[in-house]
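None of the figures in this text is laboratory data; all of them are computed from the coordinates on show. Everything numeric in this text was worked out from a predicted model, so none of it was measured. Every residue, glycine as well, gets a Cβ built from its backbone with ideal geometry; the counts of neighbours run over all protein chains shown.
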Amino acid sequence: MPKSVPQEELNSIRQAVGRFSRPATLNEIAGALPFKLSRRTLQRRLAQLVDQQRLAVRGVGSGRRYSRAYVMNAEPLHYSIVLQPLHFDNYISISPEAESIKQTVRRPIQERHPIGYNRDFLDSYHPNTSYYLSSETRKRLGGLGLVPGGDSPAGTYARKIFDRLLIDLSWNSSRLEGNTYSLLETERLLRMDEAAEGKDPRETQMILNHKGAIEFLVDPSAHVTFDRFTILSLHALLSNNLLGDPQAGGRLRRIPVGIAQSVYHPLEAPQLIDECFQQILDTTTAIRDPFEQSFFAMTHLAYLQPFEDVNKRVSRLAANLPFIQQNLCPLSFVDVPDRAYLDGILGVYELNRIELLRDVFVWAYERSCARYSAIRQSLGEPDPFRLRYRDPLAKVVAEIVRSRMDKQTAVAMIRHQAAENIVPEDIAKFIEIAETELMSLHEGNIARYRLRPSEFEAWKKVWN
């Protein structure tokens, strides 16, 4: 009879993995343990933790990496990839219906019933007769999303704010996949092509892939719309150099996929996947309201899982198509708590209920509008988070400028100050806001931080 493994030993191994800010190698984990294990024994222990869904593994052979299991992804059944732990513990305000979904999908996986793809969920939707978003919600979002020059050629507004949109959407969409790049590290990568030190190459590739996909969406010559070419191209760009099978990029899947931490089992028959994919495109194209169109596409592309991987990323960027086409404020998922997004997706996968994901979508669009349009000045009450951390935010920004820190040094300093002075549940958001404030500094607002023009000019030479 096999010898049982002490639970304390397994817990210590999992804790050792959690000490790393990125997926760790076998040797790194061995070095972080308070005791010695042979290489073969440690491999067996790690495999046991993966089987228990307490760790996630990706890669093969010498490229195998381990991380805490928390974010679910759809992957081919012959291997499983789960990225970093979720960043935010905060949540958004949700409806009672959404709360019931949240409570259901958070039950232990053993208490949730396995379920397959429900074709009726798609068939029962009739464009411009069925609605996921109420008329009141669509009207409100329509008012928020209006921008000056909305009657210009498609994509004009997105190209006007392209630099900011590129960084925001690349970072936030990657963050929702567990990517550990900071906002400043993302900016440095996208603007200067400098990868952050110590990051997994897959994380760097993920962000660069977002850049290519966003450039494709706003390219005036691309004529993007809800057709096969556009969605397949989005997948090819977003999955570049990230799939085990290079030919799987931009191609509907032909193999089964499984979703970690979920009881949902997507379709397996390639012919049915193709049929449903085309039906989603046809239905989305027929929807007249841009917000309903966006949310329907985001929901059903993620639910179908038409590709071997990178489905949620495709669904998030595809959700921006109506806004780019009609020169509305884009959706960059800024400040979206990743746990709320995950719960919403699980509600669609396992219950075919959209209320929680709908609440996340509406909240996210309102937040994006606050970032990109003049509506930001008319939102009324100041942000309570910024108000609560006004002094430490001002202190860290001023110190970075006066010390003439470059972006890499500033990232490390912000993280250190946050770890020292901010309560754990607020650290991630504090870091994001501090980095945003630095990126928004100009000669007209440095007085907020009691900075002199000479200090700002000297810092800017190093920063840029």
Could you work out the relative contact order of the chain, using alpha carbon pairs under 8 angstrom and six or more residues apart, expressed as a whole percent? 19 percent
Considering only TYR372, ALA410, ILE109, whose Cα is most displaced toward the positive end of the charge dipole of the chain, charges sitting on Cβ of Lys, Arg (+1) and Asp, Glu (-1)? ALA410
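Classify the range 96-378 from the C-alpha gyration tensor, please: rounded if a/c falls under 1.5, else prolate or oblate depending on whether a/b exceeds b/c. Could you put the intermediate results ahead of the total?
On the way: a/c = 1.34, a/b = 1.13, b/c = 1.19.
Rounded, since a/c falls under 1.5.
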Can you compute the helix-only [θ] at 222 nm over the chain? Use -39500 (n - 2.57) per DSSP H run of at least 4 residues, normalise by all residues, nearest 500 deg cm²/dmol. -16500 deg cm²/dmol
Local electrostatic count at PRO322 - Lys and Arg +1, Asp and Glu -1, tallied over other residues with Cβ under 11 Å: -1
Mind running the shape call on the range 133-269? Use the C-alpha gyration tensor, a ≥ b ≥ c as the square roots of the eigenvalues: rounded below 1.5 for a/c, prolate if a/b tops b/c, oblate otherwise. oblate
Classify the range 7-69 from the C-alpha gyration tensor, please: rounded if a/c falls under 1.5, else prolate or oblate depending on whether a/b exceeds b/c. rounded
Fewest-first ordering of SER95, SER332 by Cβ atoms within 10 Å yields SER95, SER332
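Can you sort ASP338, ASP391 by how many other beta carbons sit within 10 Å, fewest first?
Details: ASP338 22, ASP391 9.
So the ranking, lowest neighbour count to highest, is ASP391, ASP338.
Given charges of +1 on the Cβ of Lys and Arg and -1 on the Cβ of Asp and Glu, with all other atoms neutral, how large is the dipole of the chain about its Cα centre, in debye to the nearest 20? Spell out each step's value before the answer.
On the way: 59 positive and 56 negative charges, 252 e Å.
The dipole magnitude comes to about 1220 debye.
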Listing VAL411, VAL257 from the residue with the fewest other Cβ atoms within 10 Å to the one with the most, what is the order? VAL257, VAL411
How high is the relative contact order of the range 257-389? Use alpha-carbon pairs under 8 Å, at least six apart in sequence, and give a whole percent. 19 percent
